1. Let me check something: with ligands and nucleic acids excluded, how do D377, D269 order by accessible area (1.4 Å probe), largest to smallest?
2. Rounded to two decimal places and with Rh computed the Kirkwood way over Cα pairs, what is Rg over Rh for the range 313-395?
3. P(r) of the range 215-340 in 5 Å steps, Cα pairs, percent per bin?
4. Run the accessible area of the range 265-355 with a 1.4 Å probe and give the carbon-and-sulfur part as a rounded percent.
5. Which order do the peptides 214-226, 110-122, 363-375 take when ranked by the mean count of other beta-carbon atoms within 10 Å per residue, highest first?
6. Give me the accessible area of H460, 1.4 Å probe, in Å² rounded to the nearest 10.
7. Can you tell me the dipole magnitude for the range 221-341 around its Cα centre, using point charges on the Cβ only (Lys, Arg +1; Asp, Glu -1), in Debye to the nearest 20?
8. So if I place +1 on the C-beta of Lys and Arg and -1 on the C-beta of Asp and Glu, and nothing else carries charge, what would the dipole magnitude of the range 30-155 be about its Cα centre? I want it in debye, nearest 20.
Amino acid sequence: MDVLFYSINVRDLLSSHDLDESSPLSAPDLRLLIDRLQFQSLQIKSKVQAYLLSHHADFSDLFSRCSESASRCEQISDSVSNLLALISDHPIDAEIRVSVSEIEKTMKELKAKRELLDLVKVIVELSERLKSVQEDLKNGRLISAAEAVRDLKKAVGTVAEEREPVVYGLLRKEWAECFEEIQGMLVKFMENAVRFEREPNKVRVKLRLSVDGTHGIELRTILEAMDVVGILDYGLAKVADLMIKHVIAPAVNCGSPISFTEELIQDSDQMTEMILKTVSCDPKLEKDDAEIIYSRIIMIIKFFYKSICFQNGSWMRCFGRLTWPRIAEIIIYNFLSKVVPDDASKLADFQKIIKCTSEFEIVLKEMMFISASDNKDERLSNFAENVEVHFASRKKTEILAKARNFLLQCDFAVPQEYTRTSPKLKYGGENSSDHVVDLLFLSERCVVSEAASQLMALVHRTLQDVCLSSVKVALEFYHATRDAILLYEAVIPVKLERQLNGINQVAVLIHNDCLYLSQEILGLAFEYRSEFPSAIREHAVFLDMAPRFHLMAEQVLQRQIQLVIFNLKEAIDGADGFQNTHQMQQFESAKFSIDQVVFILEKVHIIWEPVLPPSTYKRSMSKVLESVFSRMTKDILLLDDLAAEETLQVQLCIPLKLS
């Protein structure tokens, strides 16, 4: 049969293969082609016949199956026709739909009842477990009760959800009551287990307990139950508070030389109690240093590690979280902060305390009292290793306190020798008084207050320490000097506000102080900056403060000048414009006015001249006299010739009287 599946190439049947495909065939070729095609056809027929004969059984089976399939199709067609006829004559589809819907409804009701039955079973089971918790508590089965409470918490939940059965709320309420009951019982057991007795000073830990008719409960069982329920922090909180108050605080207090001893009480070969006693020591024999204080605390913590936490790491870690922050704070406040050196030369001696502190925290880590991986728990080491910062902070506080005392205690009184013109000062002679200072960039001298002199002396001493200190200490000292200088600006204007509103030497002293401070501030960088530690050399800046004090000095001086000019103008206004001075009454009024002007100028001269720098004094007096004479000249221009002549004669008296 393969010959049937291949095409016949007509050109192969011809004798010549050199024929052009485009040229027509000749008659002989066509006859030859026909003969050969007939021969080929006969061969194909014979092959097909032979194939059919050899596969006669297969073809007979195939045809019989086809006949059966055709007959079955006819039967199916007849059956479908009969069914359609039956349905059309008797419509039962509505009945089928009703039956199907009823079946679905019944199945839904059955499913709901099954779910409700399951819910009832769960509720009954939860209720029975809640009742079993109370039974376990009555019978002393605390671990079993704690586990049940823990599991029931997951079952009933702690927060109400939408569209939940009302019974769940009741179960949740009942669970809360069980939780409170077991929590109260466990806390009561802990209160009875650990007793802090004031007289004598001791801590008593009972290892077997009996409370409210429940006997023979071990302390370890109490802790396990609290851990299961999740109230270990709550149960140990009161113990932690009392331990810090009655044991840790006295142990760290440097004024109480004490030590501790342990005592064990056994009954029938079973340990029933552990006691930690506080024993007073002879102050001469007991010296409070780092090793002794740390050894006391280690002994206390080890006692609680064995007696309460039973060497359980997780329990001890919980106890440490409750107590360590406060213990560290007590040690820092009562011991470490007090032994910070007062002198930079003693900082090297503090290394022994740093070493003891590090070893102390290593022991606590071994007991799992503090975390071995969290550096935040190394509170004492962090404080001790930053001793330079604490030293500098303390010195900074002392520096600011001294500066504040200088400013508050100074009365800003000018020494007696400067209450009138001083030849030495006026002509720039030498003066050994601390009140006379050189203005660095003005080539002049002036009188300053004792507060300003002491303040700058303190600043210079502090900056000398900056040059010799480490970076951390130097940075704190640098900020201390800036803050000390700025204290003057913050304190003095408020303290002497009343004096600044009058004409007096206090205001002039404040002007001189501010001028002196501005000059000194400008010179600080040139004097010390090259000696500063290289790390802060670029950040240590004083220049920004100089303009503030220079401006403050100028404001104080201008206020004084304006007050003087205001008083002079009031005195001049009393002359009534110097009119009718040929009359005796008006002449006396003008003369009194001139006397007032001269009195004010003499007072200002006495106050200003000994204290102000010479150039500042000349500039200020020139401005005052210019204002007075311009006012009087203005009045003269409004008079007639005779009155003007008389007034000029009066005006000329002012310089004569001043001289």
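The values are calculated or read from the model by the stated rules, or taken from the named source; none is laboratory data. Predicted, not measured: the structure shown is a model, and the values here were computed from it. Positions of Cβ are generated from backbone atoms using ideal geometry, with glycine treated the same way; all protein chains shown enter the neighbour counts. The protein model used for the area step is the full one, side chains on, heavy atoms only, and it has no ligands, DNA or RNA in it. Shrake-Rupley method; radii C 1.70, N 1.55, O 1.52, S 1.80 Å.
1. D269, D377
2. 1.02
3. For the range 215-340, the pair-distance distribution reads 2, 9, 18, 20, 18, 14, 9, 5, 3, 1, 0.
4. Values: 2400 of 4780 Å².
After summing per-atom areas, the C and S share lands at 50 percent.
5. Per-residue Cβ counts within 10 Å, averaged per peptide and sorted highest first, yield 214-226, 363-375, 110-122.
6. Accessible area, nearest 10 Å²: 40 Å².
7. Numbers: 12 positive and 15 negative charges, 93 e Å.
Charge dipole, the range 221-341, about its Cα centre: 440 debye, nearest 20.
8. For this selection, approximately 720 debye.
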